[in-house]
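Notes to accompany the following structure.
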Amino acid sequence: MKPFRRRGDSYVARLDPAEAGIVGLLLDQLEQLLSGEDEDVEGDEVLARLLPEGHRGDPHLAADYRELTRDSLVAGKSDDLAAVRATLPPDGGTLHLDADQAGAWLRTTNDLRLALGTRLGISADTEPPAELVSETDQQLAVYYWLTAVQGSLVDSLAAGRAARR
């Protein structure tokens with residue numbers, strides 16, 4: 001990947017075909033989870049992280065919060081997924097994002113990292129793999145790659161804000 005850089009009012013990066021494929025696959029998986037029937041995804045630890053309870057100490061308040069916010073949270077995440085998918089070059093290539101699209105990429109890469117990190121049990125002590133000898137090592141490598149993608153976008157957005165001062 002060629003990291004994000006600010007060019008005028010755009011944020012530009014380049015993904016190779018394999019990276020674009022990985023992002024597309026992860027988007028599909030996240031979309032599938034978000035659109036799942038309640039009984040199919042009930043108790044899913046990733047969904048619990050993506051759509052957190054509003055109140056842990058009171059199950060009735062938590063249920064009310066979930067009922068009031070779940071649809072709008074899912075709709076926002078789905079809109080972001082659609083924006084990322086629309087800007088993702090399916091065979092790799094250059095990304096050109098405006099500020100709104102960059103925001104969608106930030107939120108979505110955060111959700112993807114949260115989902116992967118939850119599934120893999122990542123903690124502050126988790127280190128990137130030295131070698132890719134197992135499927136878990138490969139998934140950890142994707143997690144750390146997404147961290148770099150998100151970090152380069154944050155850096156380019158921050159540079160843009162600093163330039164406007």
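Coordinate-derived values only; no laboratory data. A quick note: this is a predicted structure, and the numbers were derived from the prediction, not measured. FYI the Cβ positions are ideal-geometry reconstructions off the backbone, even for glycines, and counts take in every protein chain you see.
What does the charge dipole of region 69-165 about its Cα centre add up to, to the nearest 20 debye, if the Cβ of each Lys and Arg holds +1 and the Cβ of each Asp and Glu holds -1?
Using only the charged Cβ atoms, the result is roughly 460 debye.
Simple rule: put +1 on each Lys or Arg Cβ and -1 on each Asp or Glu Cβ in region 1-151, find the dipole, and look at Ser10, Leu88, Gln29; the Cα lying farthest toward the positive end is Ser10. Among the GluC sites (Glu not before Pro) in region 16-111, those placed in a DSSP loop whose Cβ has at most 13 other Cβ atoms within 10 Å are Glu37, Glu42.
Charges only on Cβ, +1 for Lys and Arg, -1 for Asp and Glu: so what's the dipole of the chain about the Cα centre, in debye to the nearest 20?
Rounded to the nearest 20 debye, it is 1280 debye.
Segment Ala148..Asp98, full-extension length gain: 16.0 nm, with 0.36 nm per residue of separation and the alpha-carbon distance subtracted.
Per-residue ellipticity at 222 nm from helix content only, as computed over the chain with -39500 (n - 2.57) for each DSSP H run of at least four residues, stands at -22000 deg cm²/dmol.
Of the peptides 111-119, 58-66, the order by per-residue mean of other Cβ atoms within 10 Å, starting with the highest, comes out as 111-119, 58-66.
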